[in-house]
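Since every read-out is calculated from the coordinates, none of them should be taken as a lab result. All values derive from a computational prediction rather than experimental measurement. Quick reminder, even Gly has a Cβ in these numbers, built from the backbone with ideal geometry, and neighbours come from all protein chains shown.
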């Protein structure tokens, strides 16, 4: 049996790494869901001190746009790999990395500005929940950027192509997941008046 | 081509160093499984000694065997150890060893991730126990309720060890679960359809999903508590407008599925043992599997029944009470499955079967007291009394431990090639069963009489002395049985009766290979056309090992992954990072360096696809 499984695929016909990573993302989804629920429970409570009126919505909206566009670049990376287009692969992967790094950079700028204006991690419930939720997301984006950089080094060595794009696919799953989480966080934290 | 002759162990003189390196770098699911079980049995012993200390303290009124602070530490570490360091890893270990064998696979889907989980369990457990030598063990209960666990009320570092040690073992659990899910869904031998999988495999699958979905809630709760304790936030601080009840919701959203995380695989174990020793297939396989899945879903909707006394709105309390009663329905279905499996079977009362039958009886008692506690007004009366202690020990000791012990007798021959001694096994069973009921049955009455749990002593003249003394005698009876069990294992490793491939005439795939199985598990897997692949339905008997061998077409190519040291390095890195958060950031930086080195080595290693 196993020779067959190893050579000709798996019981479900889905690569182990992809199935395993989907399972991991399910766990990550519950992790962020819990953080979001904590944010919602505490929003509108004990609102003394600096609050959500300090948030720069146009800037973060633009940052959201950049992050979502990076998902498109990731899709084009994998598409190029499947077609064997090495130049396109490297170009779009680099674009993904740059847009991800831009997002993190803007978040660092945003944090510095907010802290300067008086909203710190310990100011009040809003500060605690805001920095915890967006901070965990930012940390995930940062891990994603580092992962994509490692992937880019392998891409420069020509390791990916139509026969070997699963590692790119898995990195892409992670990247899309991080984007998707932000799609929930942005309206809940920045747009909705709780 | 690997042949059976090659697979037999070749006598050779191995230095202790090469044996050590072999075990530290192995990615073989069987060796990893054995290490999980040995580690878990060690912590079962440690948790048992903590329980004995508690029972000595409570043997009579107003005793001073333990200082109240030490009592709190013993109580906290007993619960934490038994759940996270004994029950979960022993089931992970049995699953690791037997799930691939039962579905006809060569190994787990991710062999190195499997080793990583083992080392994270071992090192995370050691980190937690380091607290005893670093200023004090955790002392606020395994449930770690805020605000009791905040810096104000638990100032020493014990709770930080609790948070970070359990985060490390939590990563291990999630890594292990992902591995089980992929292995079970994706690596079944031809013919092993989902509805032909052994029930134990099903329960491991459902439990793995529960871990994947339940643990993040605990992680978030722990992160927030750690921030409160060390970084000046107040997620659980009423004085800044937050609510300490948040901890209870987050903890029990994890904590109640956790009960099923440990009890579902135990259900799976007895579902393997009872049919084989009744010489009948499991009664109502489909209902049993659906009931398992149903329990998995419902287990996420009952958590607030741990919180009836905190003042939930009545509608919420009754909704959670109702869902807690509903979960009794699929559980009762399983009880009937086991009873009807035994009905008119030719029952062989081996030690494994005695443990399995006593599991069914004891779990019914624990389930019934659970229904009583799900009734909101009854819970108000009984919460925080010894009635609750009695209840959950009937489900966890009577449920999980009895079935695990049964599985030890059932599978020891497969793992080591020799049977455990049956006469001493029965002595072990008698002492465990009698001792268990002596310890925990009286606690029902103590609880009804109002004896509070988690308190270091009780007043003389309250009339609780006699029953408490009986409970303490019971605890030492269990300990005596456990000593016999350990001696039985050690002696049987060398002197036990040789088992052969299939000592119990079982019909699942783990019996289709030698005992112990070769590194590659099977030369080939016999064709699987039913739930009982080794059963000859015409002659109504189990195939002999020779007949099984005749059915096997050996595989031409057997690829086994090379050993790897990187899981151990990565696990060490993660644990040192966690320790750094407790001691100094310098240590954490060192951990990051080790972690990254491990990750790079992991990625670069050849031999894995």
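Details
- Percent of Cα-Cα distances greater than 20 Å, calculated over region B:239-319: 51 percent
- Here is the size of the protein assembly as shown from its Cα atoms: Rg then Dmax, 27.3, 86 Å.
- Paramagnetic reach from residue B:519 in region B:581-609 [backbone N under 15 Å; point 7 Å along Cα→Cβ]: B:607-608
- Alpha carbon convex hull of region B:99-180, projected area averaged over orientations, nm²: 6.3 nm²
- Once you reduce region A:98-135 and region B:381-419 to the center of their Cα atoms, the two points are 48 Å from each other.
- The reciprocal of the average 1/r between distinct C-alpha atoms defines the Kirkwood hydrodynamic radius, which for region B:194-242 equals 13.4 Å.
- Exposure proxy ranking for B:586, B:476, based on other Cβ atoms within 10 angstrom of each Cβ and starting from the fewest, stands as B:586, B:476.
- The distance from the alpha carbon centre of region B:33-77 to that of region A:139-194 is 46 Å, rounded to a whole number.
- Here region B:392-448 has an Rg and Dmax of 14.0, 48 Å, counting Cα atoms alone.
- Here, P(r) means the percent of Cα pairs in each 10 Å bin from 0 to the largest distance; for region B:156-255 it is 14, 35, 24, 16, 9, 3, 0.
- Between A:67, A:180, A:19, the GNM of chain A built on Cα springs shorter than 10 angstrom shows A:19 fluctuating the most.
- Efficiency of FRET between residue B:490 and residue A:152 - r from beta-carbon atoms, R0 41 angstrom, step 0.05: 0.15
- Viscosity 0.890 mPa s, 25 °C: Kirkwood-radius Stokes-Einstein D of chain B over Cα pairs, µm²/s: 98 µm²/s
- Legend: P(r) of region B:349-495 from all alpha carbon pair distances, 10 Å bins from 0, whole percents, reading 12, 36, 28, 16, 7, 1.
- Considering region B:562-609 at the alpha-carbon level, its Rg and Dmax are found to be 11.9, 39 Å.
- When Rg and the Kirkwood radius Rh are both evaluated on Cα atoms of region A:39-164, their ratio Rg/Rh stands at 1.13.
- If R0 is taken as 22 Å, the Cβ-Cβ distance between residue B:24 and residue B:126 corresponds to a FRET efficiency of 0.90.
- The fraction of Cα-Cα pairs per 5 angstrom bin, counted from 0 for region B:455-530, comes to 3, 11, 12, 11, 11, 8, 8, 8, 7, 7, 7, 5, 2, 1 percent, rounded to whole percents.
- In the protein assembly as shown, helical runs assigned H by DSSP with n ≥ 4 each contribute -39500 (n - 2.57); averaged across all residues and rounded to the nearest 500, the mean residue ellipticity at 222 nm is -22500 deg cm²/dmol.
- Per-pair calculated FRET efficiency, R0 = 22 Å: residue B:42 and residue B:64 via Cβ, rounded to 0.05: 0.15
- Gain upon complete extension [residue B:423, residue B:195; 0.36 nm per residue less C-alpha separation]: 78.4 nm
- Mean partner shielding of peptide B:183-189, defined as the number of other chain Cβ atoms within 10 Å of each residue Cβ, is 6.
- Expected-Rg normalisation [2.2 N^0.38 Å, Cα atoms] applied to region B:79-121: 1.27
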